[in-house]
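*Asks:* I have a structure I would like to understand better, so I am pasting it below and will then ask my questions one at a time.
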Amino acid sequence: MIPVAFDYLRPASVDEAVAALADGGEDAKVLAGGQSLIPVLRLRLSAPSLLVDLGGVAQLRGVREEGDALSIGAMTTHDEVASSPLVRRHAPLLAAMAATIGDRQVRHRGTLGGSLSHADPAADMPAAAAALEARYVLAGPSGRRVVSAADFAVDLFTTALADDEVLVEIQVPKMDGWGSHYEKFHRMVQAWAIVGVAAMVRRTDGVIESARVTLTNMGPTALRATAVEQALAGCAADRAAIEEACSVAAEGTSPIDDLTASAEYRRHLARVLAGRAVAAAAGV
Amino acid sequence: MSSTAKITVTVDGDQYIDTVEARTLLVHYLRETIGKVGTVIGCDTSNCGSCTVLMSTADEPARSVKSCSVLAVQADGATVTTVEGLAAPDGSLHPVQRAFHEMHGLQCGYCTPGMIMSAIDLLRENPDPTDEEIRDGLSGNLCRCTGYQNIVRAVRAAAGEEVAP
Amino acid sequence: MTATDEREVGAARRRKEDARLITGRTRWTDNLTVPGLLHMAILRSPFASARIVSVDTSAALSRPNVVAAFSGADVADVQGSLPCAWPVTEDIVHPDRPPLAVDVIRHHGEAVAVVVARDRASAMDALEAIEVDYEPLTPVLDLEEALAEGSTLVHPDKGTNLSYTWVFDSAAAGTGADVGAVDAEVVLERRYVQQRLIPAFMEPRSVIVDPGAGDYTIWSSTQIPHILRVFYALLTGTPEHKIRVIAPDVGGGFGGKLHVTPEELITFMAARRIGRPVKYTETRSETMLAGHHGRDMIQDVRLTARRDGTVTGISVKLIANMGAYLGLVGPGTPILGAFMYNGIYKFAAYRFECTGVFTNTTLTDPYRGAGRPEATYLIERVMDELAVELGLDPIEVRRRNWIKKEEFPFTTVAGLVYDSGDYDAATDKALALLGYDELRKEQELRRASGDPVQLGIGTSTYTEMCGLAPSRILGALRYAAGGWETASVRVLPTGKVEVVTGVSPHGQGHETAWSQIVADELGVAFDDVEVLHGDTRTSHKGLDTYGSRSLAVGGIALVEACRKVRDKARTVAAHMLECSPDDLEFTGGAFRVRGTPDAAKTVADAAFAVFAAHDLPDGIEPTLDADATFDPETFSFPHGTHLCAVEVDTQTGHVAIRKYVAVDDVGKVINPTIVEGQVHGGVAQGIAQALHEEAVYDESGTLVTGSFVEYTPPAAADLPDIVTDRTETPATTHPLGVKGVGEAGTIASTPAVVNAIVDALRPYGVRDVPMPCTPERVWRAIRAVGTETEGGRS
C-alpha cells in the first residue's frame, strides 16, 4: 500500500518543529523513527495532513552524562540506546530492553522518544522508563516542561504531550548498584510482548533492600507493580521468598483479552515472569 | 511545506536527483523511480524484511533498514546500498552473496536480497556470530522456503571472510 | 539405467538459478513493465456476508490519472464464473463464483470494484472515491453450525451449505474388511482440528495482461501457466492460440499459486476493456484476505485394535471447510488425503467419509501437502494415543503395524500399491540420530523430580503419495485434467542442449536438477544445458508444478526424451564410425566402439553432423531433438521417520524444540543439497502449523489475522536446527527411481511436534493440545486436566 498524500517538513530545530506543529493543527503529526507510524500510514489507518520529521534536528540525538542522570535525546535510536556505553553502565535495564525491540532494522530507525510518545501498551520502553523513574522534557510554544514517567503516560496511545508539543529529552537517573532484568514473553521472536516484566533490585547481602517492578502490556500503560515492590522490600533474596512476593504481580492490572492471549493468561504470566525477573535482577 | 520534495540520494554508487512525493516510500523510489527492482516488497506491515537495504548518512555508518518503512524524503542526502550494488564491478560476488550460493541459502529467492543485506549488517557488527546470534540477528527477515537452516550456514560461512559492503 | 556414467546425478551441484536471485537481477512479475502499462487496484468487501445494494464508481473516474473504474455489475454479463476442476462427486453442489461480486458478498475481502490508473498510487487513491452501499447479512462461520438444520445459507439458491459427501469404504471397494466387523478389543475415538492456514509465499501475487491486438500476453506469478492458459481460453472466449502465459521468476507457491484467481480474470477484463496493458500486484494484506487458504477441517477418528497392539481398522469422518466457493481443486484436496489415513500400516479395514461445507470465509485450496498432512497428522497422533492406551513405546506400536521391507510391493487397505520402502531402516537411523534412549532416560528423571520444564519426544513415521498423478486415476476421481508431464530435448549444432519442460518451478531448483539429469544421459557438461520453462510459447504443453510431481513425473519424461535423442545420436555416430549401432557403447560421455575405445563420437559430434546433414544414414531427419510425455502408472511413495524432542515450560506453556531429526527416503536423489533444502523448508512449515500459524475469523467473519503481525510465519530464531539424513530405497515403477520430496517435510513434521508436546505433558493427564500449540493453549491444557474429573477418556 501507499500512504495518503501529505505535506512534509523537516525542521532543523526544536523551535521550528514546535512552530510547524502549532501551524499544522491537529492533523499534523510528528515523524520520529517512523517504525510504527509509516506502517500505519501505508495501511491508510491514519492520514495526517502534515508530517513534521524530527530527523533533521541534530541536537535531539545522543546520550550525555549530566550529573546523577543520563540525558538521552528523544531521537536516539533503540540501537544507539542499546549499545551506548553510558546507558549500559548506568542504566543497563534500558539498554537490555532496547535490545529486545522488534528487529535490527527496526532498532536502527526506531527511537526512544518515538516509542514513548506513541505509547503502545505492548511497547517495552514505557516499562523501562517507569522502572527507571525517568523524567521527560517536553518542548512547546510556551517553552519547556518536565514531567515524570508516571505523569507522561496517560492512557492507551495517549500521553501528556499536547498537539503542539515535542518530546525532546529523556532524563534517566543513574542506577549504579542496582541489579536489573527484563523478562519479555512473546510468541514469535519479532512480536510484541504478550507480557513483559522489568525488575530492578538493590540488595544487601541476602536481603532485598529495595525493588522496582514494572509491567508491559498489563494495562493501557506500563504499570508499576507496587504490591510486589512493597512485598519485596526487606524480603530474603531467595527464590521461594521472591516467588511468594511476586504472587501479587497481577494486582491492580487490567490486561486485554485479544488474539494473542487472554487476560487471565496474562495475569498468570505476570506472576511467573515477575518471579523470574526479580530473581535474575537479584542474582538469585 | 510541500507534498513533494527534491532529494539527492546515492544508490549503489550512483547519485540520483529526483523530485518525489513526500508519501513515496524509499522502496517504491528505488523500484519505480530509479529501477532498482532487486529490492522487493513482501508485506505492508514492516515484518518481512524483503526490502532491507543499507543506508548511511554523513555522520553515521551504513545500517540495515526496511526501505518500506523509510520515506524517500528521509533518505535525502543518504547513501543507500541495495543487493544490486554488492558485486564488484568485474561481476565477482560479495562474500555473503557467494556464501548464499555455496550453502544453498535460497530457494525461491524472493527474500534473498533483504536477507543478504541483513546478513551483511549483522556481520558488520558481529564478525563472528554464533548460530544463535545469527538467528536472532536475522529476526527481521522472513523466509518461507528454507527453514533458515542453510541461511544460517551461509552467514556462518561468510563470517570467515571480509564482508564490508 | 543403461551404461551411462553418472557424473552429475547424485552430485551436490550448486544451483544455476542463484546467479540472478542473489544479485537482484530477477524477473518477478512486479519487476516487469511493458509500454503503456496501467495499474489496477481492487476495492474489497469489509463484510463477510452482505447484499450489494449499489456501487457507484463515477467519482473515482474523475480522480487524477484514472483511466477506468468498474464494478461487478458492469461486467456481470461477460465475467463468467471461476473454475473448479475437481467436482469430486456427481451431485456436488457447485455454485457460480464471479471474479467480481455482483450482488452478494460471501467472504471478507471479496473483490467488489476496480480502478485502473496511470500509476499505482492514483489507483489506490481513487478506490476511496468508490461508493458502495452494503446491506450486511449474518455470516455462517462454524462448520458444524453450517451443516445444522435451518442454518443460514452461504448460497441460498442452492438450498444447502453441504457441497458434497465423498466416501471410501474398504469393504465396498474390495480392498479390505468392514470397519464394523474387525476385532475391537481396544477402541479409540478422537477429534482433531486442522486449523486454517495461509500459504504465505513471500512474493505477493502479481499479473500483467497485455491485450496486444487480440493476441494476449499474460505474465503471472503462478505455479500453473499451462493450466491458466487453458482456463483463460475457456473463460474469456479468447482462442487458446491467441493467449501466451508466462510465469517468470515466481517467489514461492506452496500450493498457494495453484489457482486460477479472480485477480487474473479481473486484470484480463480490465485490459480487454481499455485496450492497454494492465498490471495488478496485490498487497500482503490482500494476499492474506483473498489468496486461498489451506487445511481447515474437523477430523473424527475411530480406531480399533487388539490388545497386542495390532490395529484392525480405522474410520475417519472429515468435515472440510470449502470456504464461500469451490476453489480450483478445493473439493479434491481432502480426497488427496483419503488414501493416506492408513499411513505405513497394515490395517484390515478402513472407512473414510468427507463432507465439504460452505461458509462465509475465503475459500480453501491446496497448501503444501494438500490432504496428506491432515491424514498423516491424524494417524500419527492416534498411533501415539494407542501406545499410551496399551502401555507400549510409540515406536514399538508402530513397528507392530507397519509394512515390512520384504512385504513390498504391498497393496494397502486404501487400494494403493506401495512399491518399495524400508521403515525399519529409516526409523533405526532416526532413533540413533536423536539419541532416543538417552532422552527417554532424561525424561524419566525430569518426571521423577517434578522439573517445571518437562521433556517430550514425538514420533512421526509417514509416507505420502507423490508424483501427481496417473491420468486414469485422476479420471476415476473426477478430476478434469490428466497428470502426465512432458519434456523436449534439443541438441544445438555446437553441442549445447536446450531442454523445455512442462513443469513450472518457483524455487525448487529444476534448472539445476534437470541439467544434471541431461548431463548424464547425453554425456554433456552441466553448464552446457539450458532449461526453459514457464512460457507457453516455448513450453506449449505441460501440467505444471505441485504435488511433488515435477521430478517424479516430469523427470521421467525428461529421461525418456534424452534417451530418444541418444538413440538417434547413436545411429548417427555409428554411421560416422562406420560400424553398427550395436557395436557402440555409451560410456565416458561418448559412443565408443566396443574393444576400440579410441574410436568415439560424442552427442555433440552427432549434433554437428546432423546440422550439416551432408552424410546422414538413410531415414534420419536432420535434427537431433525429441519429445517425450510420461503418464505415470502409479504414484510414488516417499517415507521417513521424523523425531522431535521438545522442552515444555509448564509454568508458562512455552514450547522449545530441543532437537529435530528427519530421516527421509525419497528414493534416488538427483541433488542431495536440493533435497535437504526441501526437507528443511517443509519441516519448517509443518512446525509452523504445530506451533505458530492460524488464520482466524472473528464472529462477524472478519479475518483478524490479516497481516504478518497476527498471522505469524516463523523467523529464524523461532525454528530449531534440523538434523537431516536419508535412506535410499529407489522407486521401482519408473526408470529414475525418484519419489518426490517437495511436501515430505511438511507432511511429516506437524504430528512429530504435537506428539512431543503431548508426550511431555502425559504425567499431567494431557492427551491433546489444539493447534497451533501456543503457550496459552499448552498452559490451559495442563490446567484443564488438573481440574477435570476422572474417566474423561473416550
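The values are calculated or read from the model by the stated rules, or taken from the named source; none is laboratory data. Everything numeric in this text was worked out from a predicted model, so none of it was measured. Heads up, the Cβs are rebuilt from the backbone with ideal geometry, glycines too, and the neighbour counts pull from every protein chain shown. For the accessible areas, the whole protein counts, side chains as well, though only heavy atoms, and no ligand, DNA or RNA atoms are used. Shrake-Rupley method; radii C 1.70, N 1.55, O 1.52, S 1.80 Å.
*Asks:* If the requirement is being open to solvent by 10 Å² or more (accessible area, probe 1.4 Å), within 14 Å of another protein chain (Cβ to nearest Cβ) and small (Gly, Ala, Ser), which of these qualifies: C:ALA626, C:ALA688, C:ALA656, C:ALA716?
*Replies:* Testing whether each residue is open to solvent by 10 Å² or more (accessible area, probe 1.4 Å), within 14 Å of another protein chain (Cβ to nearest Cβ) and small (Gly, Ala, Ser) leaves just C:ALA656.
*Asks:* Would you check if there is a residue in segment A:29-39 being over 24 Å from the mean Cα position of the chain (by Cα) and of a type in the set (D, E, K, R)?
*Replies:* no
*Asks:* Sticking with this structure for a sec: May I ask you to list the residues in segment A:138-157 that are closer than 29 Å to A:PRO255 by Cα and either surrounded by 15 or more Cβ atoms within 10 Å (Cβ to Cβ) or in contact (Cβ under 8 Å) with a residue 40 or more places away in the chain (or both)?
*Replies:* Selection gives A:LEU138, A:VAL147, A:ALA149, A:ALA150, A:PHE152, A:ALA153, A:VAL154, A:ASP155, A:LEU156.
*Asks:* Same structure, new question: Open to solvent by less than 10 Å² (accessible area, probe 1.4 Å), aliphatic (A, V, I, L, M) and more than 14 Å from chain B (Cβ to nearest Cβ), is that true of A:ALA160?
*Replies:* Taking the combined requirement at face value, the residue does not satisfy it.
*Asks:* I've got another one for you. If you take the residues in segment A:166-200 that are of a type outside the set (Lys, Arg), farther than 30 Å from C:ALA690 by Cα and in a loop (DSSP other than H, G, I, E, B), which one is farthest from the other protein chains (Cβ to nearest Cβ)?
*Replies:* The extreme case among them is A:GLY177.
*Asks:* Which condition breaks for B:ARG153 when tested against (1) within 20 Å of A:ILE101 (Cα to Cα); (2) of a type outside the set (Gly, Ala, Ser); (3) open to solvent by 20 Å² or more (accessible area, probe 1.4 Å); (4) touching a residue at least 40 places away in the same chain (Cβ under 8 Å)?
*Replies:* (1)
*Asks:* Just give me the residues in segment C:166-196 being in a loop (DSSP other than H, G, I, E, B) and either among the aromatic types (Phe, Trp, Tyr) or more than 22 Å from C:TYR479 (Cβ to Cβ) (or both), in sequence order.
*Replies:* Initially, segment C:166-196 is screened for residues in a loop (DSSP other than H, G, I, E, B), giving C:174-176, C:178, C:182-185.
Of everything in segment C:166-196, those that are in a loop (DSSP other than H, G, I, E, B) and either among the aromatic types (Phe, Trp, Tyr) or more than 22 Å from C:TYR479 (Cβ to Cβ) (or both) turn out to be C:GLY174, C:GLY176, C:ASP178, C:VAL182, C:ASP183, C:ALA184, C:GLU185.
*Asks:* Check segment C:740-748 and report whether any residue there is of a type in the set (S, T, N, Q), open to solvent by 10 Å² or more (accessible area, probe 1.4 Å) and over 30 Å from A:PRO39 (Cα atoms). Break it down stepwise before answering.
*Replies:* Taking segment C:740-748 and keeping what is of a type in the set (S, T, N, Q), we get C:746.
Next cut, open to solvent by 10 Å² or more (accessible area, probe 1.4 Å) only: none.
No, every residue in segment C:740-748 fails to be of a type in the set (S, T, N, Q), open to solvent by 10 Å² or more (accessible area, probe 1.4 Å) and over 30 Å from A:PRO39 (Cα atoms).
*Asks:* Still on this model: Would you be able to tell me the number of residues in segment A:105-137 that are of a type in the set (Val, Ile, Thr) and either surrounded by fewer than 20 Cβ atoms within 10 Å (Cβ to Cβ) or more than 30 Å from B:LEU123 (Cα to Cα) (or both)?
*Replies:* The total comes to 1.
*Asks:* What single numbered condition from (1) open to solvent by less than 10 Å² (accessible area, probe 1.4 Å); (2) in contact with a helix residue (DSSP H, G or I) (Cβ under 8 Å, 6 or more places away or on another chain); (3) not assigned by TED's automatic domain parsing to the domain that holds B:GLU21 fails to hold for B:LEU142?
*Replies:* Here B:LEU142 clears every test but (2).
*Asks:* Still on this structure: If you take just the helices (runs of 4 or more DSSP H) that sit entirely in segment C:426-537, which of them hold at least 2 residues that are assigned by TED's automatic domain parsing to the domain that holds C:ARG398 and open to solvent by 50 Å² or more (accessible area, probe 1.4 Å)?
*Replies:* Result: C:436-449.
*Asks:* A further question follows. Starting from residues that are within 10 Å of chain B (Cβ to nearest Cβ), open to solvent by less than 30 Å² (accessible area, probe 1.4 Å) and assigned to a loop (DSSP other than H, G, I, E, B), keep the ones in segment C:24-48 and report whichever is nearest to C:ILE208 (Cα to Cα).
*Replies:* Among those that are within 10 Å of chain B (Cβ to nearest Cβ), open to solvent by less than 30 Å² (accessible area, probe 1.4 Å) and assigned to a loop (DSSP other than H, G, I, E, B), it is C:THR26.
*Asks:* Quick one: which of A:VAL189, A:VAL168 is buried (at least 16 other Cβ atoms within 10 Å of the Cβ), under 30 Å from B:LEU142 (Cα atoms) and of a type in the set (A, V, I, L, M)?
*Replies:* Among A:VAL189, A:VAL168, only A:VAL189 is buried (at least 16 other Cβ atoms within 10 Å of the Cβ), under 30 Å from B:LEU142 (Cα atoms) and of a type in the set (A, V, I, L, M).
*Asks:* A further question on this structure: Under the condition of being under 21 Å from the mean Cα position of the chain (by Cα) and surrounded by fewer than 18 Cβ atoms within 10 Å (Cβ to Cβ), which residue from segment A:60-70 is farthest from A:GLU16 (Cα to Cα)?
*Replies:* For segment A:60-70, the residue satisfying everything is A:ASP68.
*Asks:* Looking for something under 21 Å from the mean Cα position of the chain (by Cα), in a loop (DSSP other than H, G, I, E, B) and surrounded by fewer than 22 Cβ atoms within 10 Å (Cβ to Cβ) - is there at least one such residue anywhere in segment C:246-256? Write out each step before concluding.
*Replies:* Residues of segment C:246-256 that are under 21 Å from the mean Cα position of the chain (by Cα), as a first pass: C:246-256.
So of that shortlist, the ones also in a loop (DSSP other than H, G, I, E, B) come out as C:247-248, C:250-256.
From the residues that got through so far, the ones that are surrounded by fewer than 22 Cβ atoms within 10 Å (Cβ to Cβ) too are C:248.
Taking every residue of segment C:246-256 in turn, at least one turns out to be under 21 Å from the mean Cα position of the chain (by Cα), in a loop (DSSP other than H, G, I, E, B) and surrounded by fewer than 22 Cβ atoms within 10 Å (Cβ to Cβ).
Matching residues to (1) at positive phi; (2) in contact (Cβ under 8 Å) with a residue 60 or more places away in the chain:
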site: B:LEU30; (1), (2): no, no
site: B:VAL40; (1), (2): no, yes
site: B:CYS68; (1), (2): no, no
site: B:ALA78; (1), (2): no, yes
site: B:THR81; (1), (2): no, yes
site: B:ASP90; (1), (2): no, no
site: B:ARG98; (1), (2): no, yes
site: B:GLY109; (1), (2): yes, no
site: B:THR112; (1), (2): no, no
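To keep it simple, each residue is scored yes or no on (1) within 30 Å of B:GLY137 (Cβ to Cβ); (2) at the interface with chain B (Cβ under 9 Å from one of its Cβ atoms); (3) open to solvent by 10 Å² or more (accessible area, probe 1.4 Å); (4) in contact with a His (Cβ under 9 Å, 6 or more places away or on another chain).
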| residue | (1), (2), (3), (4) |
| --- | --- |
| A:ASP7 | no, yes, yes, no |
| A:ALA19 | no, no, yes, no |
| A:GLY24 | no, yes, yes, no |
| A:VAL40 | yes, no, yes, no |
| A:LEU43 | yes, yes, yes, no |
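*Asks:* Every residue in segment A:270-284 that is surrounded by fewer than 23 Cβ atoms within 10 Å (Cβ to Cβ), in contact (Cβ under 8 Å) with a residue 40 or more places away in the chain and in contact with an Asp or Glu (Cβ under 9 Å, 6 or more places away or on another chain), please.
*Replies:* If the condition is that a residue be surrounded by fewer than 23 Cβ atoms within 10 Å (Cβ to Cβ), in contact (Cβ under 8 Å) with a residue 40 or more places away in the chain and in contact with an Asp or Glu (Cβ under 9 Å, 6 or more places away or on another chain), then A:ARG276, A:ALA279, A:ALA280, A:VAL284 are the ones that fit.
*Asks:* Scanning segment A:262-284 for residues that are assigned to a loop (DSSP other than H, G, I, E, B) and over 15 Å from C:GLY653 (Cα atoms), which turns out farthest from the chain's Cα centre (by Cα)?
*Replies:* Only one residue tops the list, namely A:VAL284.
*Asks:* Given (1) within 17 Å of C:THR355 (Cβ to Cβ); (2) open to solvent by 20 Å² or more (accessible area, probe 1.4 Å), identify the lone condition not met by C:SER81.
*Replies:* Among (1) within 17 Å of C:THR355 (Cβ to Cβ); (2) open to solvent by 20 Å² or more (accessible area, probe 1.4 Å), the lone unmet condition for C:SER81 is (1).
*Asks:* Over 23 Å from the mean Cα position of the chain (by Cα), surrounded by fewer than 20 Cβ atoms within 10 Å (Cβ to Cβ) and either polar (S, T, N, Q) or facing chain B (nearest Cβ under 10 Å) (or both): is that true of C:GLU710 in this structure?
*Replies:* On the way: over 23 Å from the mean Cα position of the chain (by Cα): yes; surrounded by fewer than 20 Cβ atoms within 10 Å (Cβ to Cβ): yes; either polar (S, T, N, Q) or facing chain B (nearest Cβ under 10 Å) (or both): yes.
Answer is yes for this residue.
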